Amino acid sequence: MATASEPQSQTTVLNGADILVESLARQGVSHVFAYPGGASMPLHQALRRSREKIRTILPRHEQGGGFAAQGVSRTSDEVGVCTATSGPGATNLVTAIADAKLDSIPMVAITGQVPQQVIGSDAFQETPIVSVCQQITKHHYLITADDPASHDSIQETLRSIPRIVKEAFFVAKTGRPGPVLIDFPKNIQLSTLEGEIDYDPPMHLPGYHPELRVVAPEQIRQVIAAIRRSKRPILYVGGGVVNSGASEELIKFARASNIPVTTTVMGLGAFPGDDPQSLHMLGMHGTVYANYAINEADLLLALGVRFDDRVTGKLEEFARHGKIVHVDIDPSELHKNKEAHIPIIADVKVFLDQLNAEFSKEDAPEISEWWDQVNEWRERYPLKYGDAGDAILPQYAIEELWRQTKERDPYVAVGVGQHQMFAAQWFKFSKPRRWLSSSGLGTMGFGLPAAMGVQAVHKDSLVIDIDGDGSILMNIQELATLNCEKLPVKILLLNNQHLGMVVQWEDRFMEGKRAHTYLGPVDHPEWLGEGDGQFYEETYPDFVKIAQGFGIKARHVRRKSEYIDAINEMINHDGPYLLDVICPYQEHVLPMIPGGATVRDIIIE
């Protein structure tokens, strides 16, 4: 929220673009990821004039800028901001906006638009971006004058810009967070203000009331009564706990109740992953013991989750034995996928604060037999991987990276694919907001630009992108941004020459027939899945040469005996670094529950 300020006279001539940039600064924006074009040039000139207040970073693709803005939002209290020009620049932001919507990430996207007078005429580089994005934004604005030919109408519109920006940030970060779009026609950007302007005007959001509801004492008592009666309870924790900043409250309650904790992909880090009370991740590629525990639990305390299909599998079979307490800030999530016995509309942090205040030692359930069962599952079905001799398995690569970096409290972004799930399994996060994953939309190419945004706002921290060779190619141009903007992101590239997750499904369900999942030349036998399983001495493309071409330090590594030294070199390098780790492509992410199946169908070998 902006701090109150008196309306003030300006000694310099301000145009609409200047007003918008000043409004951003007053919302605490420190970085903007902005790619210029014809319809946004005035905005970039204003950013240049305000470069002492806001650092503008030039991504090499608008989608990269959108994911970098998410990197800011996912790891700090600042709302990430990205901008693009009209037409193709704006549509290049669409995937990043949809990604933020599905993962409930606050973000403000600003697009230049053709002058208001020609909107709707199919002008050069015109797209109706507000209409395009209506279903993937939390809210949206098109800054237009009632009469673009009227001087007074234009002046009124210019004075509305601080209100629009203030509202955009308020909507993006309150309630269930999400992305907000501001479409900004070029004529309004260029129009000049006369007289005074108030940068902290009252907001006008008549239909939006995201107040933090106090949970009724009766509901808290209901929940405590259910916990006391339970014999097999489990905490099922999602991204809402991270978004609400409720990690400490969750840990306090978990300690007091001694209830096992399992998290979704979005919830990783909300509870320490290396804690004995953690069952780690559940769902399609979650641990066997977490999935068994959910299946047998008699009470689910579902906090900030949405019962996503990658967690539940066949919905009617998911947690069928359990009573469900579902706490979510978004009323539309309650009963949407799974009926809740005790539905509670609340910010998870508020709920846990109240629960902790009322919860006593006498309320803790007697669950020693339950823990015996959970620990028996944990011993019988641990996460594991085989011995590949001197070859580097991706699970080993990630686990060793965690061992060497955990004391440095790193931030880890991932692309999408096998490497993403291996990272979720083998990199144990002890704090929230250290893990960045495109979870709802599953967007390849997310990892590198997201890490770029994290490094911009956490300039002295260790920031790592764990990526795959297929995924990184989607936004590999951002290597240029790392070099030119002096962002020392470390890239662990797990290179198996295939689209690994799709290959895994081909192996499991399509008789191993390759259908365009090998990323090398078509005359190699792997193109049709007829190779002997060995990887080539020369991989394609040569990522080390590509990185070097962008001015990035890089190295290949193929043998486990060389790997520890290579990791040490990477994390201690003064600047961005790409480590190309050649891995066998036959590894599968296990455990695995096939889509739409149940825990009974879990694949372990």
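Search the range 282-309 for residues being free of Cβ contacts under 8 Å to residues at least 60 places away in the same chain and at negative phi, and hand back the single one that is surrounded by the fewest Cβ atoms within 10 Å (Cβ to Cβ). Step through it out loud before you land on a result.
Residues of the range 282-309 that are free of Cβ contacts under 8 Å to residues at least 60 places away in the same chain, as a first pass: 282, 290, 307.
Then drop every residue that is not at negative phi, which leaves 282, 290.
Values: 282: 29, 290: 26.
Per the stated criteria, the residue is 290.
With the structure loaded, tell me whether residue 28 is on the phi > 0 side of the Ramachandran plot, small (Gly, Ala, Ser), modelled with pLDDT of 95 or more and open to solvent by 10 Å² or more (accessible area, probe 1.4 Å) or whether it fails that test.
Numbers: on the phi > 0 side of the Ramachandran plot: yes; small (Gly, Ala, Ser): yes; modelled with pLDDT of 95 or more: yes; open to solvent by 10 Å² or more (accessible area, probe 1.4 Å): yes.
When the stated conditions are applied, residue 28 passes them.
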From the list 481, 443, which one is of a type in the set (Val, Ile, Thr) and farther than 26 Å from residue 585 by Cα?
-> 481
Which helices (runs of 4 or more DSSP H) sit wholly inside the range 124-229 and have at least 3 residues that are farther than 30 Å from residue 368 by Cα?
-> 129-132, 151-173, 186-190
Within the range 580-602, the residues that are outside any loop (DSSP other than H, G, I, E, B) and open to solvent by 30 Å² or more (accessible area, probe 1.4 Å) are 600, 601
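Without any contact (Cβ under 8 Å) to a residue 40 or more places away in the chain, more than 23 Å from residue 279 (Cα to Cα) and under 28 Å from the mean Cα position of the chain (by Cα), is that true of residue 332?
On the way: without any contact (Cβ under 8 Å) to a residue 40 or more places away in the chain: yes; more than 23 Å from residue 279 (Cα to Cα): yes; under 28 Å from the mean Cα position of the chain (by Cα): yes.
The answer is yes for residue 332.
Could you tell me which residue of the range 115-124 is nearest to residue 332 (Cα to Cα), considering only residues that are out of contact with any helix residue (DSSP H, G or I) (no Cβ under 6 Å at 6 or more places or on another chain) and touching a residue at least 40 places away in the same chain (Cβ under 8 Å)? Explain how you work it out, then say what you get.
If we filter the range 115-124 for residues that are out of contact with any helix residue (DSSP H, G or I) (no Cβ under 6 Å at 6 or more places or on another chain), which is where we start, we get 117-124.
Subsequent filtering for residues that are touching a residue at least 40 places away in the same chain (Cβ under 8 Å) retains 117, 119, 124.
Details: 117: 39, 119: 35, 124: 40 Å.
Only one residue fits best here, namely 119.
Quick check on residue 293: is it within 21 Å of the chain's Cα centre (by Cα), among the aliphatic types (A, V, I, L, M), at pLDDT 95 or above and not in a loop (DSSP other than H, G, I, E, B)?
On the way: within 21 Å of the chain's Cα centre (by Cα): no; among the aliphatic types (A, V, I, L, M): yes; at pLDDT 95 or above: yes; not in a loop (DSSP other than H, G, I, E, B): yes.
Here the answer is no, as residue 293 does not meet what is asked.
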Residues in the range 244-281 that are touching an Asp or Glu at 6+ places or on another chain (Cβ under 9 Å), among the polar types (S, T, N, Q), outside any loop (DSSP other than H, G, I, E, B) and open to solvent by 10 Å² or more (accessible area, probe 1.4 Å): how many?
-> 0
By residue number, the members of the range 199-240 that are among the aliphatic types (A, V, I, L, M), surrounded by 13 or more Cβ atoms within 10 Å (Cβ to Cβ) and over 29 Å from the mean Cα position of the chain (by Cα) are 220, 223, 224, 226, 227
Residue 104, sole failed condition from (1) on the phi < 0 side of the Ramachandran plot; (2) open to solvent by less than 30 Å² (accessible area, probe 1.4 Å); (3) out of contact with any Leu (no Cβ under 7 Å at 6 or more places or on another chain) = (1)
Taking the range 56-93 and keeping only residues that are open to solvent by 10 Å² or more (accessible area, probe 1.4 Å) and not β-branched (Val, Ile, Thr), one is left with 58, 60, 61, 62, 63, 74, 76, 77, 78, 88, 92
Which numbered condition trips up residue 351, out of (1) at pLDDT below 95; (2) within 19 Å of residue 243 (Cα to Cα)?
-> (1)
Can you tell me which residue in the range 342-361 is most open to solvent (accessible area, probe 1.4 Å), limited to those that are free of Cβ contacts under 8 Å to residues at least 40 places away in the same chain and out of contact with any Asp or Glu (no Cβ under 9 Å at 6 or more places or on another chain)?
-> 357
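Looking at the range 460-579, what helices (runs of 4 or more DSSP H) fall wholly within it and have at least 2 residues that are open to solvent by 10 Å² or more (accessible area, probe 1.4 Å) and farther than 22 Å from residue 33 by Cβ?
Working: elements: 469-472, 478-484, 500-509, 543-549, 560-572.
Of the helices (runs of 4 or more DSSP H) lying wholly inside the range 460-579, those with at least 2 residues that are open to solvent by 10 Å² or more (accessible area, probe 1.4 Å) and farther than 22 Å from residue 33 by Cβ span 500-509, 543-549, 560-572.
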Which one of these does residue 108 not meet: (1) among the hydrophobic types (A, V, I, L, M, F, W, C); (2) over 22 Å from residue 455 (Cα atoms); (3) not in a loop (DSSP other than H, G, I, E, B)?
-> (2)
Return only the number of the condition from (1) of a type in the set (D, E, K, R); (2) under 23 Å from residue 198 (Cα atoms); (3) in contact with a Cys (Cβ under 9 Å, 6 or more places away or on another chain) that residue 49 does not satisfy.
-> (3)
When the range 145-173 is examined, which residues are found to be over 17 Å from residue 112 (Cα atoms) and either open to solvent by 30 Å² or more (accessible area, probe 1.4 Å) or free of Cβ contacts under 8 Å to residues at least 12 places away in the same chain (or both)?
-> 146, 147, 149, 150, 151, 152, 153, 156, 159, 163, 170, 173
Any residue in the range 194-201 that is within 21 Å of residue 134 (Cβ to Cβ) and touching a strand residue (DSSP E or B) at 6+ places or on another chain (Cβ under 7 Å)?
-> no
Across the range 492-523, what is the number of residues that are out of contact with any helix residue (DSSP H, G or I) (no Cβ under 7 Å at 6 or more places or on another chain) and among the basic types (Lys, Arg)?
-> 1
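The values are calculated or read from the model by the stated rules, or taken from the named source; none is laboratory data. Note that this is a predicted model, so its numbers are computed, not measured. Don't worry about glycine lacking a Cβ; one is built from the backbone with ideal geometry, like all the others, and counts go over all protein chains shown. Calculation scope for accessible area: heavy atoms of the full protein, side chains included, ligands and nucleic acids excluded. Shrake-Rupley method; radii C 1.70, N 1.55, O 1.52, S 1.80 Å.
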